[in-house]
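The values are calculated or read from the model by the stated rules, or taken from the named source; none is laboratory data. Quick caveat, the model's predicted, so the values are computed rather than measured. Heads up, the Cβs are rebuilt from the backbone with ideal geometry, glycines too, and the neighbour counts pull from every protein chain shown. Quick note on the areas: whole protein, heavy atoms, side chains included, nothing else; ligands and nucleic acids left out. Shrake-Rupley method; radii C 1.70, N 1.55, O 1.52, S 1.80 Å.
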Amino acid sequence: VWPAGADMSHSLESAFRGLLAAWGPEFEPGNNFCDQAEAHGLWCLSRQGTLEMLEKLDRPAVLRLVDDRGNSFFATLLGLEGESATLLLAGHRLRVALSELAAGWTGEFTLLWRPPPGYEDSIRPGHRGPAVQWVDQQLAQLEGRSSDTDENAEYDGKMIRGITALQRRNGLVADGIAGVQTLIILGNELQSEGPRLSATPGGS
């Protein structure tokens, strides 16, 4: 499956091009990828993780893979369906078994996400601002209640309980702190905009 011996020297640029295109913007070669993404309101999240984590985050990601000779290359994960994954590799779509993907993947990934208005860092007890207001509005929709918070609202016990419950439902550390992974999943539960791994059109 993997391109042993093939020239994959441009695979990172190609993978980032595919990741940005999944969100709509066009990639500009030679410019820092995360800076480009941020200009479109998107932030990079780079982590060491598992397929289960990627499935929960449900967003396309660039993966670092290793071929049979131990050489690194990069592909864009566009979809997860059943026991297979859809990848974009050197401009070509291919379907691979999850077992093959897991065997060749180093666990390193970079994905894009759209932060709430005014977001700077993990939202913790006592924080205030538009990002806190956004969190309460999302939780209110999930919980079937109204939200009357404004931009000066404090991240309080009600929101912390809602976030902790969300974290428990999704197998995250239930610490009540609204970090990046928690915020991505919160947005996903309300069908926020952007591409999803669980709904890949034309994956073949």
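Points to keep in mind about this one:
- The accessible surface of the range 82-204, taken with every protein chain in place and a 1.4 Å probe, is 47 percent carbon and sulfur.
- Each part reduced to its alpha carbon centroid, the range 86-110 and the range 149-190 end up 30 Å apart.
- Compared with the dominant Cα axis of the chain, that is its longest principal axis, helix 180-189 is turned about 80°.
- Cα lying deepest toward the dipole's positive end in the range 1-145, options Gly126, Val62, Trp43, charges on Cβ: Gly126
- Counting only alpha carbon atoms, the long axis of helix 11-23 and the longest principal axis of the chain meet at about 40°.
- Expected-Rg normalisation [2.2 N^0.38 Å, Cα atoms] applied to the range 1-144: 1.18
- Surface exposure of the chain, expressed per residue as accessible area with a 1.4 Å probe, stands at 50 Å².
- Under the criterion of Cα pairs below 8 Å and six or more residues apart, the relative contact order for the range 83-204 equals 23 percent.
- Dipole of the chain computed with +1 at Lys/Arg Cβ and -1 at Asp/Glu Cβ about the Cα centre; of Gly162, Ala21, Val96, farthest Cα towards the positive end is Val96.
- Taking Asp136, Asp58, Asp156 in turn, the Gaussian network model of the chain (Cα-Cα springs below 10 Å) assigns the largest fluctuation to Asp156.
- Based on Cα contacts under 8 Å between residues 6+ apart, the chain shows a relative contact order of 23 percent.
- Each Lys and Arg Cβ is given +1 and each Asp and Glu Cβ -1; about its Cα centre, the range 98-204 then shows a dipole of about 300 debye.
- For the chain, the longest principal axis of the Cα atoms and the long axis of helix 157-169 meet at an angle of about 30 degrees.
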